[in-house]
1. Only one residue in A:Leu116, A:Leu101, A:Leu89 is closer than 26 Å to A:Leu170 by Cα, buried (at least 17 other Cβ atoms within 10 Å of the Cβ) and modelled with pLDDT of 85 or more. Which one?
2. Conditions: (1) away from chain A (no Cβ under 14 Å); (2) closer than 30 Å to A:Val299 by Cα. B:Lys225 meets all but one. Number of the miss?
3. Just need a number here: residues in the range B:9-23 that are loosely packed, with under 15 Cβ neighbours inside 10 Å and not hydroxyl-bearing (Ser, Thr, Tyr).
4. All but one of (1) in contact (Cβ under 8 Å) with a residue 24 or more places away in the chain; (2) open to solvent by less than 20 Å² (accessible area, probe 1.4 Å) hold for B:Tyr232; which doesn't?
5. Suppose we filter B:Leu101, B:Leu40, B:Leu109, B:Leu65 for residues that are surrounded by 23 or more Cβ atoms within 10 Å (Cβ to Cβ) and of a type in the set (A, V, I, L, M); which single one remains?
6. Can you find a residue in the range B:17-37 that is closer than 27 Å to B:His283 by Cα and in contact with a Leu (Cβ under 8 Å, 6 or more places away or on another chain)?
7. Output the residues belonging to the range A:132-160 that are closer than 30 Å to A:Lys63 by Cβ and open to solvent by 40 Å² or more (accessible area, probe 1.4 Å).
8. Does any residue in the range B:311-323 that is surrounded by 14 or more Cβ atoms within 10 Å (Cβ to Cβ) come within less than 6 Å, Cβ to Cβ, of a residue that is at pLDDT 85 or above and not in a helix (DSSP H, G or I) six or more places away or on a different chain, and which pairs are these?
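The values are calculated or read from the model by the stated rules, or taken from the named source; none is laboratory data. These numbers come from a predicted model, not from an experiment. Here the Cβ positions follow ideal geometry from the backbone for every residue, glycine too, while neighbour counts run over all protein chains shown. Note: areas computed on protein heavy atoms with side chains; ligands, DNA, RNA excluded. Shrake-Rupley method; radii C 1.70, N 1.55, O 1.52, S 1.80 Å.
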Amino acid sequence: MALLSMKNISKSFFGKMANSQVCFDLEPGEIHALLGENGAGKTTLMNILYGIYSRDSGDIFWKGQEVSFTSPRDAIAFKIGMVHQHFMLVPTLTVSQNITLGLKEKGYPFPDRKVLNATIMEVSQKYGLQIDVNAYISNLSVGEQQRVEIIKLLYRDAELLILDEPTAMLTPQETEYFFEVLRKLRADGHSVIIITHRIPEIMSISDRVTVLRDGYNVVTAKTSDISEQELSRYMIGRQLQIIQRETILSDTGREGIALEEVSLQEKGRERLNSLSLQIAPGEIVGVAGVDGNGQKELVEVILGIRKQSSGKIRMDGVDMSSLSVLERKKLGIGYISDDRHQDGLVMDMSLTDNILLKTHTDRRFIKHGLINTRLVRAETQKAVEDYAIKTPGLNTPLRYLSGGNQQKLILAREMAGNPKAIIAHQPSRGLDIGATEFVQQQLLQHRSNGCSILLISADLEEVLLLSDRIAVLYKGCFLGIFPNTQELDLSQIGLLMAGKTSEARKESL
Amino acid sequence: MKQFGKLLSYLGIAFLTLSISILLILLVGSSVTQAFSSFLSGIFGSFYSVSEVMVKATPLILTGLGVAVGSRSGFINIGAEGQLYMGAIAVTFIAFWLNDLPAIVMIPLVILGGFVFGGIWSVIPGFLKVRFGISEVITTLMFNYIALSIVGILVRTWLKDPASSLPMSAFLPDGATLPTLISTTRLHAGLLVALISVVLVWLVVWKTPTGYEMRAVGLNPRASKCSGISVYKNIILSSLISGGLAGIAGVCEVSGLHHKLLEGISPGYGYIAIIVALLGKNHPVGVVISALGIAALQVGSLGMQRMAGVPTSISSIIMGVVVLLILARKSLFRRLLTDE
């Protein structure tokens, strides 16, 4: 008998189906992968199970008994636990306090912390989830925080663990270690549902896989019976386009973007440590690294949003170090931020007004001191057509557009007027495969137009796909810059991303 | 469907407000029909009563406009009252200092003076906000008390009318008074000043690049910064305009209506301005409409007190109820507003 069985689950948001008649079964002691593109309905399905969303129709059976959770609390009472993509931890509390948060332990409200810690340590050692129970969450790495989330569920006796994109923030080595933990859990009788869009990981960890596409379940199969190619075809509905990258020889005589020993200290911490890099016209330099190792700082220093403590930044020989953000952008730098809602767009303004965010000081659009609305509208209309942005109208607030269309508007704005350089920080974050391909092709298009591009992505595959050279960023240092050729040693990159310089050197010998 | 639901929700608010006012009128033991008829005749009964609505609306438009400009760029100005009084001080001071200037020079000068004084009173909190992160909600509010006290000191000392024993200034020289628009009423040229300000604010905030920057900073300071828009400059600018408009309201009250400086020139216009801006959705046209509405409510309730014996404080209660209902509209009428 199946441990969990979800039958004909349907859910719609604002008239759009997120799940249509989805069926899902889970056997006891199985690692079951839920595969699909962004927006395919994976997380929605799991949130329905977990009681975060209510379903429109369908039934859920847990150990043969019909259940219907209205909150995660109910789900946890039935020993179902979920780790969200964005962790739900209190940064100012310790690991131990986070794990017991909300529980009425023996001695509540003043439980014996030593006894609790002993229980936590027992769980942690049993599954190899090493953690310092007295450390504060704010001092932990992403990988460690994830361990805390998992211990939290195991401490609550969860039999089923649902993990939403657990490997998104991990280095290849951390991922492998994490999979070892999952295998131990399985051996101990736990069941795991792992939500992901990374096919190689599915092949290595899961027993069975269910593929969702556009809210429908396409297939459920044993992992051993299915190939990577088949999975990707099920997931996308077609074959992936292989992006062709030919080397571009540019002798424009321009320098492109150059960083010379750029350092940044903030709040007494070294955020960037003497970074030097030159990106020639027609070159894409990709930065590989785990999120939070100085990527955001690097990008913002180049744009002038933060000021470097020392070092120089040049654009075609012009020292930009003392220029304002606006002056730098006027030199021809386009900026795609990793956080479009916060940094790139004004969500409550219309498409036209968001195009203005870059062009409102542009003389072309100003007549007698007033903004020439007609011209800006024409410009926006052109952007909507060129980039195939789906919108009800030019006056629609950006909030009502999908993530992909919002990102396209940023691209249209930042890539307008043939920029000499583009700083792209996670340009395809949260986009589905179609939109991702579009973004990547745009970057390559500008590369062939002689644009210097800095690409920062948490997705190593994207970096490998597009970059001419790859720089590994760890704790604000470039641990190495490698030409992206056939000979590139991936495991070495992975070790450097984790800061293991000595092991990486050994490996390369 | 959605538009219809929205309309219904506003009708719901009107209905609830009406029910609560009927309840209140019954509570004080008056006749509901008499109360309503005296309320309406208090507003529309005579040419004079209609002009009174305009007189009350003038400072509300100006201060409301000021609060709205501030809100648009994220500067929550609770201090329009104090800025209004600073404007009143400015006009009195300038009028007595340069007392023989002709009106054609004097009027623009006192308006400018009021703008600068009110503006300074609001730029200081603006500066404290952007430079030190001190909440402008608190500083602007505190500045109200300082301004009121300064007026209290001035009307007892330097600006006191030596011919009178009361704490007030002498009458302004003729050159510094705004002309009355219609001779039998109190309606003065301040209304024109207010309406010109409405047009100017609309042009500046909605049509110029600077106004665009101010609105962008108000909606998303982080994105503005990343696009090279100075949050610092725009908050300073919008706080200046915000306080300046409230200062002009003070100028209009003194040179249009009272013709002298005294302590009670504003019955809380600066605070009602916050409601005016809120109901007018921080848009110049909305501000005009809501200022007229609230002025009518106040003038009408005076009529209600005169003829039906219903205390005017009911109008304050109703104003409070309307604000609460508008703020709670989306959750009160959730069923109507979600498309199902």
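1. Values: A:Leu116 fails: closer than 26 Å to A:Leu170 by Cα; A:Leu101 fails: buried (at least 17 other Cβ atoms within 10 Å of the Cβ).
Sole residue among the options that is closer than 26 Å to A:Leu170 by Cα, buried (at least 17 other Cβ atoms within 10 Å of the Cβ) and modelled with pLDDT of 85 or more: A:Leu89.
2. Only one criterion is unmet by B:Lys225, namely (1).
3. 6
4. (2)
5. Working: B:Leu101 fails: surrounded by 23 or more Cβ atoms within 10 Å (Cβ to Cβ); B:Leu40 fails: surrounded by 23 or more Cβ atoms within 10 Å (Cβ to Cβ); B:Leu109 fails: surrounded by 23 or more Cβ atoms within 10 Å (Cβ to Cβ).
After applying the criteria, what remains is B:Leu65.
6. Taking the range B:17-37 and keeping what is closer than 27 Å to B:His283 by Cα, we get B:17-18.
In the following step, the residues that additionally are in contact with a Leu (Cβ under 8 Å, 6 or more places away or on another chain) were identified as B:17.
So far as the range B:17-37 goes, yes, one or more of its residues are closer than 27 Å to B:His283 by Cα and in contact with a Leu (Cβ under 8 Å, 6 or more places away or on another chain).
7. In the first step, residues of the range A:132-160 are kept if they are closer than 30 Å to A:Lys63 by Cβ; the result is A:146-160.
Correct list: A:Arg147, A:Arg156, A:Asp157, A:Glu159.
8. Here the result reads none, with nothing in the range B:311-323 linked to a residue that is at pLDDT 85 or above and not in a helix (DSSP H, G or I).
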